Amino acid sequence: MRILFLGDIFGKPGRTIAQDYVPYYRKEYGIDLCIANCENIADGRGVTERTAKELFSCDIDILTSGNHLWDRQESHDYLRAEKRIVRPANYPPGAIGNQFVIAQCENGETIAIVSLVGQAFMTTALSPYFIMEELLPVLHEHTKSIFVDFHAESTAEKRAFGMNFDGRISAMIGTHTHIQTADEEILPNGTAYLTDAGMTGPHDSVIGIRKEIIIEKMITGMPLRYEVADTGNQINGVIVEIDAETGLATHIQRLRENV
């Protein structure tokens with residue numbers, strides 16, 4: 001199976017890019033399933049029903065997330081009901097949303113999609129290691145193919161997690177920093193790995209926010225209202241090929257394109 005994953009889709013520019021390019025990428029690369037990180041789709045922070053439905057309407061199948069998933073309180077009922085959005089699995093059990101999703105690809109094969117958040121420099125969460133160990137036997141009842149979006153600040157934490165689960169999950173692709181790394185590889189035991197997929201959105205910015213605002217805040221220390229940038233659009237992500245019989249990756253290709 002061939003999976004397209006888009007890094008953090010940021011605000012309206014990111015949603016517009018997805019609407020314009022996901023159908024093209026699906027056809028051009030023969031994509032069987034498209035996954036995207038959605039935690040910044042609503043004006044750069046959080047998710048709403050309207051913004052999520054925009055992404056589902058453009059051939060994105062599953063949305064992963066991170067620590068900003070619940071920032072829009074008005075969306076909580078929608079997140080309870082929507083089965084195609086995955087919350088971070090290592091938040092406490094009372095957190096709203098799905099701990100994982102089992103999805104069927106266009107070719108008929110199935111894959112499990114999991115979101116996890118890191119613990120370094122992040123909001124307190126349960127150990128991603130312990131939670132993933134608990135989830136593995138549950139997921140394996142459905143499929144050998146497991147895709148993990150590891151939403152974390154620390155590159156070392158992402159690398160350690162990927163190495164620990166090498167050969168036991170199909171892919172571990174990092175998100176959260178909005179800066180794409182150039183370290184895509186198939187780890188020794190068959191897991192596709194990338195430290196960070198980067199941001200799909202306005203890259204003439206500071207991780208999605210108008211650069212003038214962030215620069216002024218850095219210089220003066222004064223609180224300022226953030227505004228989503230609207231220039232320098234890029235699509236950032238990765239394509240991963242997985243052998244459904246083994247659940248291991250056979251190819252990984254990083255995507256980074258000015259649009």
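The values are calculated or read from the model by the stated rules, or taken from the named source; none is laboratory data. Quick caveat, the model's predicted, so the values are computed rather than measured. Reconstructed Cβ throughout: ideal geometry from the backbone, glycine too, with neighbour counts over all protein chains shown. The accessibility values were calculated without ligands, DNA or RNA, using every heavy atom of the protein model including side chains. Shrake-Rupley method; radii C 1.70, N 1.55, O 1.52, S 1.80 Å.
For residue 145, the amide hydrogen comes within under 5 Å of the amide hydrogens of 112, counting only partners 5 or more places away or on other chains and with H modelled in the peptide plane. Considering only 225, 168, 26, the Gaussian network model of the chain with Cα springs below 10 Å gives its largest mean-square fluctuation to 225. Residues whose amide H lies under 5 Å from that of residue 101, counting only those 5 or more places away or on a different chain, are 113; hydrogens are built 1.01 Å from N in the peptide plane. Tell me the net charge near residue 223. Cut-off is 12 Å between Cβ atoms, residue 223 excluded, with +1 for each Lys or Arg and -1 for each Asp or Glu. It works out to a net charge of +1. Beta bridges per DSSP, both residues in the chain: antiparallel share near 50 percent. Can you give the angle from 0 to 90° between the axis of helix 11-29 and the longest principal axis of the chain, with both taken from C-alpha atoms, to the nearest 10? Taking the Cα atoms of the chain, the angle to 11-29 is about 30 degrees. The mean sequence separation of alpha-carbon pairs under 8 Å and at least six residues apart, normalised by the residue count of the chain, gives a relative contact order of 19 percent. Bridgeable aspartates and glutamates around residue 83 (alpha carbons under 15 Å apart, same-chain partners fewer than 8 residues away excluded): 49, 61. Looking at the range 98-160, none of the trypsin sites (Lys or Arg not before Pro) sits in a DSSP loop with at most 12 other Cβ atoms within 10 Å of its own Cβ. From helices alone, the chain scores -7500 deg cm²/dmol at 222 nm; the rule is -39500 (n - 2.57) for each run of n ≥ 4 DSSP H residues, then divide by the residue total. Karplus-based coupling profile of the range 217-232, in residue order and whole Hz: 5, 5, 7, 9, x, 7, x, 9, 6, 6, 10, 5, 6, 9, 9, x, with θ = phi - 60° in 6.51 cos²θ - 1.76 cosθ + 1.60 and x standing for Gly or Pro. Just to confirm my numbers, what's the Cα centroid distance between the range 1-69 and the range 120-179 in Å? The two parts, judged by their Cα centres, are 20 Å apart.
Computing the accessible area with a 1.4 Å probe over protein heavy atoms, can you report the carbon and sulfur percentage for the chain? Of all accessible area on the chain, carbon and sulfur atoms account for 50 percent. Altogether, the Stokes-Einstein calculation at 25 °C and 0.890 mPa s, with the Kirkwood radius of the chain over Cα pairs as Rh, returns a diffusion coefficient of 136 µm²/s. For residue 66, nonlocal amide neighbours, meaning residues 5 or more places apart or on other chains whose placed amide H falls under 5 Å from its own, are 39.
In the context of the full set of protein chains, residues of the chain present 42 Å² of accessible surface per residue (probe radius 1.4 Å, heavy atoms only).
For the range 169-236, applying the loop criterion from DSSP together with a ceiling of 16 other beta carbons within 10 Å to the GluC sites (Glu not before Pro) yields 227. Look at the alpha carbon pairs under 8 Å that are at least 6 residues apart: their mean separation over the length of the range 18-113 gives a relative contact order of 23 percent. For the range 144-216, which semi-axes, largest first and in whole Å, follow from the square roots of 5 times the eigenvalues of its Cα gyration tensor? Equivalent ellipsoid of the range 144-216: 29, 11, 9 Å, largest first.
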